[in-house]
Amino acid sequence: MKVALSVFKDSISTVFDVSQQLLVLEINGAGEQKRTMVKLETIDPIRRASQLSEEGINVLICGAISMPMQASVSARNILVYPFVRGKVEDVISAYRYGKLGQAVYALPGCRRRGYGGSRGRNRGAHHRWRG
Amino acid sequence: MKSEKPAKLKEIYSSDEQNIILDSIADGVFTVGKDWHITSFNRAAEEITKVSRKEAVGQLCKDVLKADVCESNCCLRATMKTGKPIVNKKVHIIDAEGRKIPISISTALLRDSKGKLLGAVETFRDISVEEDLRKAIHAKYSFTDIISKNHRILQLFDILPDIATSGSTVLIEGESGTGKELFARAIHNLSPRKKQPFVAVNCSALPDTLLESELFGYKAGAFTDARKDKPGRFRLAENGTLFLDEIGEITPSMQVKLLRVLQEKTYEPLGATESLKHNVRIITATNKNLDELVRDGSFREDLYYRINVFKISLPPLRERMEDIPLLIDHFITRFNTLQKKNIQGVSEEAMSVLMSYNYPGNIRELANIIERAFILCKGGLIEKKNLPENIFILKPDHDENEVVSLRDAEAGYLLKALKQNNWDRLKTARQLGMHKSTLYRKIKSFGIKLPS
Ligand SMILES: Nc1ncnc2c1ncn2[C@@H]1O[C@H](COP(=O)(O)OP(=O)(O)OP(=O)(O)O)[C@@H](O)[C@H]1O
Ligand SMILES: [Mg+2]
């Protein structure tokens, strides 16, 4: 499985729609196998989503994301954790232990969207890895 | 993540008095200390970003504002570095609900009475209304303006970038109001020609001779009134895209001319002695079934193959009911900004009516229904009573078990809508959001008799 984080320096990039770099983690039952950096080529939602899908991404963890962008990524069957913030390593370990829903990892005012309501139910449960 | 607020700034800026003053300002205003943490945040800022003051104060400004320039080209950083204010710079933010909003930003340094640097202040204004108008005027629609989660449309999204870059002709089929022009513009805007003009011509609106001079232009003296050369739409669309709407309506002689233009990539203005080369990409649209027209001989097969390198078929709204709530949301947001209203949504009852209607005028009709409801609805939710009466008729009031064919149901709507509009076909077409020629055609095919 491939988990992508949209990053800027050592943190999650604030706005996914214009972010330029992805950190891609390859994960299997034994834990994390490999890390690669991928440059995001366009800001067009459709093409951005198709690049993610060509990279074989299954999960995207990112900062603020616009509705059309999120819709086109989700349409590729990619699970999106939107409106996340924090240092990359903290976020990875939060993801790993199913703690991404905690307030410290949400952009201010954005918990409702990211984790409230029906969008967020059971998020992470299927994809959490045991390393 | 959070850091301690510098005590001094807190003293100065969190006082109630300051907040009252800030809140009276119509623009969004926030201040930051030298470490980029927000020290004050007014009510307008809350409204635009959908982040409350409580959640915002003490946070890094980029996490709260979420603007596209925060990481690449931070406005406040530039001001802090150079000391120079930034005035009315246009950027986009994403609010806490995922809406992308264009705003205009201004910045300035913040100093205390002794001139010591405290931080910076940023004011910003929601300019969606201006942007919406600008878009409407320039028709700069893109993918992001096409709302859908229907699988057939999503599949189209997948191939559209490739179609757009290919430069081939595209035929777009779909009923009235299904978004043919929207897709044509999106293709243009995704193509390498996007900086060049997009020119639309409605082929059914003009008789042959006029259409010909409209498309190809004429030379001075070509006919009595031709005093000066007039460039045609082909010329105006040079290097760009020409959108030929209602292509199914053109006459056999026009079909021959168009075929030549497509084959030879040249055309002749009326009265010209030489032909001109063109570099125009052609996108056509029709609400007819061209296959059928070809079969019954009213549309040339060779022209059909020329314009039909790619074919896109847009499903009618009744075949993508899942889009109705999305589209309603989209139109409510649009009309709220345009009309400075604050309609929250539609009531459950109204939604079930909207979901059970079959929309012969498709998305344009849905947009018209919402726009009309805006006139009747002062605030809160759009209720059943704000909806036009003719959309209630799908629910058959006769025997539940009697299956009404779609065709009968549609004929029923038309009849009812016509009656409501005193048999005024133009008015009816407008209300249903369909082209008048479409309405005429339907009236004829359903055999509806109009009182003379
Ligand atoms: N998927 C969509 N998302 C948002 N708006 C849409 C969508 N499809 C259509 N619309 C809107 O509906 C209206 C009708 O669309 P458009 O003019 O492209 O339809 P059309 O197929 O060309 O209609 P006609 O056959 O009557 O010329 C426009 O205002 C357009 O912006
Ligand atoms: Mg049209």
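Nothing in this text is a laboratory measurement; each read-out follows from the coordinates by a stated rule. What you are looking at is a predicted structure, and each value in this text was computed from that prediction instead of being measured. Don't worry about glycine lacking a Cβ; one is built from the backbone with ideal geometry, like all the others, and counts go over all protein chains shown.
Couple of notes before you dig in:
- D (Stokes-Einstein, µm²/s), Kirkwood Cα radius, chain B, 1.567 mPa s at 4 °C: 50
- Angle between chain B longest axis and helix B:180-190 axis [Cα atoms, degrees, rounded to 10]: 60
- Reported value for the protein assembly as shown: 213 Å³ per residue, from the convex hull of its C-alpha atoms.
- Peptide packing for A:49-60, B:272-283 was compared via the average number of neighbouring C-beta atoms within 10 Å per residue; ordered from the highest value, the list is A:49-60, B:272-283.
- Taking 0.36 nm per residue of separation and subtracting the current Cα-Cα distance, fully stretching the chain between B:Lys385 and B:Arg407 would add 5.3 nm.
- Estimated distance in nm for a label pair at B:Thr224 and B:Ile159, the labels positioned 7 Å out from Cα along Cα-to-Cβ: 5.1
- Peptide A:17-23, shielding by other chains (average Cβ, 10 Å cutoff): 3
- At R0 = 56 Å, FRET efficiency that the Cβ-Cβ distance of B:Ser168 and B:Ile25 yields, to 0.05: 0.60
- Crossing angle, helix B:436-446 versus chain B [Cα axis fit, 0-90 degrees, rounded to tens]: 50
- Whether the stretch A:49-111 is rounded, prolate or oblate, judged on the alpha carbon gyration tensor where a/c under 1.5 counts as rounded: oblate
- Neighbouring Cβ atoms from other chains, within 10 Å of the Cβ of residues in B:96-102, number 6 on average.
- Local electrostatic count, B:Gly28, Cβ distance below 10 Å [Lys/Arg +1, Asp/Glu -1]: -3
- Burial ordering of A:Phe16, B:Phe331, fewest other beta-carbon atoms within 10 Å first: B:Phe331, A:Phe16
- Scaled to the globular estimate 2.2 N^0.38 Å, the Cα spread of the stretch B:406-446, given as radius of gyration, is 1.01.
- When the GluC sites (Glu not before Pro) in the stretch B:30-88 are filtered for DSSP coil states and for at most 12 other beta-carbon atoms within 10 Å of their beta-carbon, no site remains.
- Every pair of different Cα atoms in the stretch B:10-126 enters the Kirkwood calculation, which places the hydrodynamic radius at 14.0 Å.
- Exposure proxy ranking for A:Asp90, B:Asp16, based on other Cβ atoms within 10 angstrom of each Cβ and starting from the fewest, stands as B:Asp16, A:Asp90.
- DSSP assigns beta bridges within chain B; of those with both partners inside it, close to 60 percent run antiparallel.
- Helix B:151-166 and the longest principal axis of the Cα set of chain B meet at an angle near 80°.
- On the beta carbon distance between B:Val256 and B:Gln339, with R0 = 45 Å, the FRET formula returns roughly 0.40.
- Kirkwood Rh, angstrom, the stretch B:320-392 [1 / mean 1/r, Cα pairs]: 12.0
- For residues of B:147-156, the mean tally of beta carbons on other chains within 10 Å: 2
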